[in-house]
């Protein structure tokens with residue numbers, strides 16, 4: 001493609017996004033609850049929390065090390081990008097207010113909050129996140145990570161705990177029809193389908209079905225034949241998570257029409273995951289083959305277009321703020337530190353991915369209405 005074509009294409013999406021943001025500012029546009037962004041509530045800083053957390057990530061070398069190199073935080077963080085807001089804390093009310101405003105302006109209606117167990121940092125932050133989301137008319141669902149001891153039985157215990165604690169909160173996302181809560185299960189393949197069936201089948205020994213804990217449980221599609229895993233495990237749907245096109249069978253956009261067809265044939269939800277790019281070489285120096293350049297926003301456009309073309313019920317965004325893996329759409333800023341130059345979004349503006357998301361959400365809603373005849 002010529003540079004002039006890319007320029008016109010970029011300007012086209014900027015105009016669409018700008019119109020969405022203008023309408024939002026006048027109250028005419030609501031965020032879409034068909035678009036869910038993965039959110040990481042694990043960042044801390046000394047001013048709010050007494051120390052850095054996650055900004056000071058270790059470096060994961062190929063060989064095991066009892067004393068891995070660790071980034072100190074501050075100007076030197078475990079990310080190839082640097083946040084425009086600096087090393088923020090998710091426990092800071094001003095940070096949460098800013099993030100919710102950004103997500104709403106991007107027309108993302110639902111946040112899928114990373115959750116690592118009842119005593120984790122992410123669990124302790126969840127009440128603040130729920131309240132902040134409610135204040136901005138957003139919803140929150142849970143991204144169940146592989147917490148210590150996770151299996152189908154302990155996942156059921158976690159689901160019951162989360163529904164008991166947050167089920168009546170106005171921000172707790174429930175999917176119509178049926179008004180069931182939504183749970184994404186990362187790396188669901190770590191537990192056999194036969195065990196998931198005990199939790200997700202109506203006849204299972206640990207079943208949540210036909211009870212107040214019945215939920216929409218969405219597994220991770222990784223390998224080509226994972227459809228059998230989803231049906232045997234009685235999942236309600238599946239997502240692809242990874243922002244690196246081609247990294248797994250599920251995250252390969254050319255396979256999405258086949259996955260969408262499988263979902264329709266088996267009455268499952270399909271929530272393809274789109275991302276702006278991928279790079280994690282600061283924390284995984286050996287992983288350069290997985291890097292996906294942002295291409296001035298064109299990579300994100302291609303992934304979103306592929307998702308929209310499948311006319312799925314939901315689209316998931318990887319991610320709002322996973323800075324370690326460079327998949328964030330949260331604003332980044334140019335920065336240099338002791339010989340290292342962080343990546344940034346130039347020639348785009350720091351908030352371009354929020355604007356670009358708003359434009360694609362508008363396209364998705366329009367496309368979805370035509371596909372369903374609504």
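Each residue, residue 212 and residue 161, gets one label point 7 Å from its Cα in the Cβ direction; the gap between the two is 1.9 nm. Which shape class, rounded, prolate or oblate, goes with the stretch 66-158 when its Cα gyration tensor gives a ≥ b ≥ c as root eigenvalues, a/c under 1.5 marks rounded, and past that a/b bigger than b/c marks prolate? It comes out oblate by the Cα gyration axes.
Stretching residue 333 away from residue 179 to a fully extended chain increases their span by 51.5 nm, per 0.36 nm per residue minus the current alpha-carbon distance.
Among 290, 168, 122, what is the fewest-to-most ranking by other Cβ atoms within 10 Å? The partial results should precede the final answer.
Working: 290 17, 168 8, 122 21.
Ascending Cβ contact count within 10 Å gives the list 168, 290, 122.
Rounded, prolate or oblate: which fits the stretch 240-374 when a ≥ b ≥ c are the square roots of the eigenvalues of the alpha-carbon gyration tensor, with rounded for a/c under 1.5 and prolate only if a/b beats b/c? Taking the square roots of the gyration eigenvalues as a ≥ b ≥ c, the stretch 240-374 is oblate.
Largest GNM mean-square fluctuation across 237, 74, 63, computed for the chain with C-alpha springs under 10 Å, falls on 63. The distance between label points at residue 363 and residue 302 comes to 1.4 nm (points 7 Å beyond Cα on the Cα→Cβ vector).
Is the shape of the stretch 34-372 best called rounded, prolate or oblate, per the rule: a/c under 1.5 gives rounded, else a/b larger than b/c gives prolate, else oblate, with a ≥ b ≥ c the square roots of the Cα gyration tensor eigenvalues? Don't skip to the end; give the middle numbers.
Working: a/c = 1.45, a/b = 1.30, b/c = 1.11.
Cα axes put the stretch 34-372 in the rounded bin.
Taking the DSSP beta bridges with both ends in the stretch 34-372, the antiparallel portion is around 25 percent. Relative contact order for the stretch 224-277: 41 percent, from Cα pairs under 8 Å spaced at least 6 residues apart, divided by residue count.
At a threshold of 8 angstrom on Cα-Cα distance, excluding pairs fewer than six apart, so keeping six or more, what relative contact order does the stretch 34-372 reach in percent?
Reported relative contact order: 19 percent.
Computed from the Cβ-Cβ distance with R0 of 25 Å, the FRET efficiency linking residue 124 to residue 287 stands at 0.25.
With the simple model of a label 7 Å out from the Cα in the direction of the Cβ, residue 59 to residue 101 spans 3.8 nm.
At 222 nm, what value in deg cm²/dmol follows for the chain if DSSP H runs of at least 4 each add -39500 (n - 2.57) and the sum is divided by all its residues, to the nearest 500? Spell out each step's value before the answer.
Details: 10 runs with 128 residues, N = 374.
The per-residue figure over the chain is -11000 deg cm²/dmol.
Every read-out reported here was derived from the displayed coordinates using simple, explicitly stated rules and does not represent laboratory data. Remember, predicted model here, so these are calculated numbers, not experimental data. We place every Cβ from the backbone using ideal geometry, glycine too, and count neighbours over all the protein chains shown.
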